[in-house]
1. Amide H neighbours of residue 249 under 5 Å, at least 5 residues apart or on other chains, H built in the peptide plane: list them.
2. Taking the alpha-carbon distance from residue 294 and a cut-off under 14 Å, which aspartates and glutamates remain once sequence neighbours fewer than 8 residues away in the same chain are dropped?
3. Take the cross-link list 121/286; 164/228; 230/311; 286/343; 63/328; 59/333 and give me the ones stretching past 18 Å between alpha-carbons.
4. For residue 281, what is the net charge nearby, where nearby means another residue's Cβ is under 14 Å from its Cβ and Lys, Arg count +1, Asp, Glu -1?
5. In whole Hz, what ³J(HN,Hα) sequence does the range 211-217 give by Karplus (6.51, -1.76, 1.60; θ = phi - 60°), x for Gly and Pro?
6. Using mean Cβ contacts within 10 Å as the protection proxy, how do 194-200, 97-103 order, highest first?
7. Compare the peptides 334-344, 168-178 by average per-residue count of other Cβ atoms within 10 angstrom and give them in order, highest first.
8. Which whole-number value in Å² is the accessible area per residue of the range 181-291, probe 1.4 Å?
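The values are calculated or read from the model by the stated rules, or taken from the named source; none is laboratory data. Note that the structure is predicted; figures quoted are calculated from it, not measured. In this analysis, Cβ positions are derived from the backbone assuming ideal geometry, glycine residues included, and neighbour counts consider all displayed protein chains. Surface accessibility is based on the protein's heavy atoms, side chains included, excluding ligands, DNA and RNA. Shrake-Rupley method; radii C 1.70, N 1.55, O 1.52, S 1.80 Å.
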Amino acid sequence: MARAFEKQALQAIFTYQQILWGIEMLKITRKIVTCVVMLGLAFGVIGLTAAKADVPESKDPVKIVMMGYSGDNIIMFIYGELIKKLGYNVEYTPADYIGQFTGVGAGDLHIASPGWDTTAKAVLDEAFASGNVLNMGNIGIAVNEDWWYPLYVKDYCPGLPDWKALLEPGCVNALSVVETEPKARFLSGPLEWGGTDPERIAALDLDFEVINAGSDGALSADLVAAIKRKQPIIAWSWEPYWIPALYPGEFVKWPEYDDACYDDPSWGVNSSMTHDCGRPNGHMWKAAWAGGEKIWPKAYDVWRKFTLDAKTAGELVFQSDVEGMDTKAVAQKWIADNESTWKSWLK
């Protein structure tokens, strides 16, 4: 009887030890699982950090061109502020509109301010053909840029918009000012914008003198002041832009543009001179230094994806030029209000 009781006691002790051992093993297992989970999370974080570390690929600054027009500058600020979100260093660098493409080709500048077919077509074609400047596609905005006048000018120059109305002495006299008389004044944009107006004036025998405004703001202010006084004026304007949208007016109709017009004197109404035609129409083109794509591939990818429509571009310029908002502030406001538009560009 005593042996039976002893046997039962020993069995109970053994069972109790098995239970204790099982509890300890469960604790150990839980610790192992916890460690595995924590390691997994840690490696996940490390993986994410490594993935983020790939962008920016270089801390070298991306040099973004800023030139003398608020509309283009707003576009460049939008792009620059967006790639800052990816960690890129950015330098907004002033440059001449036409001359910038030489700097971009040399790698002194990296992201070009948009080139317009209306004024930079030949320069863009040459830059892209060199292989040193990448064609990053058009922004999505069709452009028109030429001589523009308020509708009331037709009272002084009957026959407009036909360019031949500008040949009439009464029209020339009405458009002359103190600094150009007896010639008529054509108010153009800043000299750095380029253009071929002197060549056109000579080829079409127009009695006009080109006066260049000091900036896009000065050009717009002079034009609006003349409109408010109902003063006869013909000036450089463009689309998309708020002045042609806000004030009734028309562009002068010239002989239709052809590439031969700029290269072949025998082409057109003047058989001995080039530029006897209107400007080419087209788009706003994105360009970048070819060598930069290996240094900042993601930043270049964002520039390729970047698009804007004409209506939005006009509204942004209006906020700057008419409402007086700083161009960078205009860009930042657009970014804050349009995440659904640009979010996919950064992916």
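1. The answer is 151.
2. Within the straight-line limit of under 14 Å, residue 294 reaches these aspartates and glutamates: 54, 57, 60.
3. 164/228; 230/311; 286/343; 59/333, as the Cα separations exceed 18 Å there.
4. Counting the neighbours of residue 281, the net charge comes to -4.
5. The phi angles translate into 10, 8, 6, x, 7, 5, x Hz.
6. In decreasing order of mean packing, 194-200, 97-103 become 97-103, 194-200.
7. Working: 334-344: 12.0, 168-178: 15.9.
Answer by packing, highest mean first, reads 168-178, 334-344.
8. So the range 181-291 comes to 43 Å² accessible per residue, rounded to a whole number.
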